[in-house]
1. Being surrounded by 10 or more Cβ atoms within 10 Å (Cβ to Cβ) and modelled with pLDDT of 70 or more: is that true of residue 38 here?
2. Check residue 40 against each of (1) part of a helix (DSSP H, G or I); (2) more than 13 Å from the chain's Cα centre (by Cα) and name the one condition it does not meet.
Amino acid sequence: MRAVPAAATYPVQVADWVTISSLATAGGTLVLATAAFASVRSANRAARVAEESLLAATRPLLCLPGRRTLRPGSGSGTTTSS
């Protein structure tokens, strides 16, 4: 009978897929946590601005009027310089 080795030896290291998948999951979780943190900070900032403008009895400025305006009566949506 031939002797069977106790553990196979590989000349090249083999990827440990459990470790790779765990690291990929950890990386994805970190990216999602960073995105959630940034979103909450942005929402808090917007809420602070809205609250301050409400307390000051002013309306928040949503956009500035541009120099280009729609031509009256034109339904095509073309713009002209003013």
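1. Working: surrounded by 10 or more Cβ atoms within 10 Å (Cβ to Cβ): yes; modelled with pLDDT of 70 or more: yes.
Yes.
2. Result: residue 40 fails condition (2) only.
Residues are listed down the side, and each one gets a yes or a no for (1) at pLDDT 60 or above; (2) surrounded by fewer than 10 Cβ atoms within 10 Å (Cβ to Cβ):
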position: 2; (1), (2): yes, yes
position: 6; (1), (2): yes, yes
position: 13; (1), (2): yes, yes
position: 19; (1), (2): yes, yes
position: 29; (1), (2): yes, no
position: 45; (1), (2): yes, no
position: 59; (1), (2): yes, yes
position: 69; (1), (2): no, no
position: 74; (1), (2): no, no
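The values are calculated or read from the model by the stated rules, or taken from the named source; none is laboratory data. These figures come from a predicted structure and were not determined experimentally. Heads up, the Cβs are rebuilt from the backbone with ideal geometry, glycines too, and the neighbour counts pull from every protein chain shown.
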